[in-house]
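No value in this document is a laboratory result; all are computed from the given coordinates. As the structure is a computational prediction, the values presented were derived from the model and not from experiment. Cβ placement follows ideal geometry from the backbone for every residue including glycine, while neighbour counts extend to all protein chains displayed.
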Amino acid sequence: MVTIDTKDFVHPELNRSVKAIGGEYLFAKEAVLPFEGRDVLYLVGCALFDTTCCGAGGVCYARVAGFIQQFQYKTDESGRPVSLVVPVADRHEQQKIRRAISRCEPVQQVEF
């Protein structure tokens, strides 16, 4: 019997700036990428580093939540939607997904 490791993914509020020690970041977009018969849930975000001691900068990135098992199947205690996902653990699949997202999103990196 094959077991699939799943996890709950709490959808963040889009376009809400989050302050961090070196600056701030936000997620601007949530998207679904069809991939080899499954759907990959990912977010596109931007980070600004403007309160660091060594300079300023920024980056746009994608964060992959995983393969969707159940989309927004419940809400958490604060009312945020929650999806059940399977993390992308296979390095070969990660590379293919990274290339696919990079072709359609203006990001410098794709995180898993």
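For residue 35, enumerate residues with amide H under 5 Å from its amide H, sequence gap 5+ or separate chain, H modeled in the peptide plane.
40
Given a cut-off of under 8 Å on Cα pairs at least six residues apart, what relative contact order in percent is computed for the chain? Could the numbers behind the result be given before it?
Numbers: 226 pairs, mean separation 28.0, N = 112.
Relative contact order for the chain comes out at 25 percent.
Find the centroid of the Cα atoms in the range 49-84 and in the range 18-44, then give the distance between the two in whole Å.
5 Å
How much length would be gained if the chain were fully extended between residue 18 and residue 73, taking 0.36 nm per residue of separation minus their Cα-Cα distance, in nm to one decimal? List each step's numbers first, then the result.
Values: separation 55, 0.36 × 55 = 19.80 nm, distance 2.55 nm.
Full extension of this stretch gives 17.2 nm more.
What does the net charge come to around residue 36 if you take all other residues with beta carbon closer than 12 Å to its beta carbon, with K and R at +1 and D and E at -1?
On the way: positive: 38, 96; negative: 39, 90, 93.
Taking every other residue near residue 36 into account, the sum is -1.
Write out the GluC sites (Glu not before Pro) in the range 15-112 meeting two conditions: DSSP loop, and at most 13 other Cβ atoms within 10 Å of their Cβ. Display every interim value, and only then the final one.
Numbers: sites: 24, 30, 36, 77, 93, 111; in loops: 36, 77.
Loop-located and lightly packed - 36, 77.
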